[in-house]
Amino acid sequence: MAIQRMDNVLIVVEDLDAVIAFFVELGMELEGRGPVEGRWVERVIGIDDVRQEVAMLRTPDGHGKVELAMFHRPAAISAEPKNAPANTLGIRRIMFAVDDIEDVIARLRRHGAELVGELERYEDIYRLCYVRGPEGIVVGLAEELR
């Protein structure tokens, strides 16, 4: 038996509105947003007395999703520095294919995003960069050159 697909990646955030705006500017579409609480979620995530607000965003092709969760209770905790370097253990970034990398960088900068390193060319295949957005979230951007 094998997996069927990857449904989504979860990012726990403090400022849900700012992070939604960042991903919408990137080109994702807000699929839904609402409260999540109750015994079922407490059993799934292993935390009692949970109250959170969740937003689901999807890529324009409908195949990739990012779930954002803001905990009202219990309070979210930070497991690492917000601006952790690329060699920190754990999930470091989500990579997106884009059609105009310089335009995307310029639009994300209006939401406080900054380049982590530099915009670089990988042979004649891609232009690549990492961008740090709100709450230290890092996204990779790749523009195919062929």
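FYI, it's all coordinate maths here, none of it is from the lab. In this text, all values refer to a predicted model and were calculated from it rather than measured experimentally. Neighbour counts are summed over all protein chains in view; Cβ atoms, including those assigned to glycine, are modelled from backbone coordinates with ideal geometry.
Please check which bits of the range 51-66 a label hung off residue 30 would reach, taking the label as a point 7 Å along Cα-to-C-beta and the cut-off as backbone N under 17 Å. Of the residues in the range 51-66, 53-60, 66 have backbone N under 17 Å from the label point off residue 30.
Over the chain, DSSP H runs of length four or greater, each weighted -39,500 (n - 2.57), average out per residue to a 222 nm ellipticity of -5000 deg cm²/dmol. Net charge dipole, the range 94-144: roughly 320 debye, given to the nearest 20, about the Cα centre with Cβ charges of +1 for Lys and Arg and -1 for Asp and Glu. Semi-axes of the equivalent ellipsoid for the range 90-142, computed as √(5λ) from the eigenvalues of its C-alpha gyration tensor and ordered from largest down, come to 18, 13, 9 Å. Charge tally around residue 92: other residues with Cβ under 15 Å, Lys/Arg +1 each, Asp/Glu -1 each, net +1. Relative to the Cα centre, the charge distribution of the range 9-73, modelled as +1 at Lys and Arg Cβ and -1 at Asp and Glu Cβ, gives a dipole magnitude of about 240 debye.
Can you find, among 140, 106, 122, the residue farthest towards the positive end of the dipole of the chain? Put +1 on the C-beta of Lys and Arg, -1 on that of Asp and Glu. Of 140, 106, 122, it is 140.
Of the residues 97, 50, 68, the one whose Cα sits farthest toward the positive end of the charge dipole of the chain, with +1 on the Cβ of Lys and Arg and -1 on the Cβ of Asp and Glu, is 50. When the chain is treated as a Gaussian network with alpha carbon springs shorter than 10 Å, the biggest mean-square fluctuation among 81, 134, 35 belongs to 81.
Take every DSSP beta bridge whose two residues both sit in the chain; close to 75 percent of them are antiparallel.
Net charge dipole, the chain: roughly 340 debye, given to the nearest 20, about the Cα centre with Cβ charges of +1 for Lys and Arg and -1 for Asp and Glu.
Please list, by residue number, every one of the GluC sites (Glu not before Pro) in the range 63-130 that is coil in DSSP and has at most 11 other beta-carbon atoms within 10 Å. The qualifying sites are 118, 123. Ordering of 71-79, 137-145, 56-64 by packing is 137-145, 56-64, 71-79, highest average first (other Cβ atoms within 10 Å, averaged per residue). Axis angle, to the nearest 10 degrees, between helix 16-26 and the longest C-alpha principal axis of the chain: 30 degrees. For the range 9-73, the fraction of C-alpha pairs farther apart than 14 angstrom is 57 percent.
Scaling the Cα radius of gyration of the chain by the globular reference 2.2 N^0.38 Å produces a ratio of 1.13. The stretch between residue 14 and residue 124, if pulled fully straight at 0.36 nm per residue, gains 35.7 nm over its current Cα-Cα span.
Under 10 Å, Cα contacts only: if you run a Gaussian network model on the chain, which one of 101, 45, 125 comes out with the highest mean-square fluctuation? Per the Cα network of the chain with a 10 Å cutoff, 45 tops the list.
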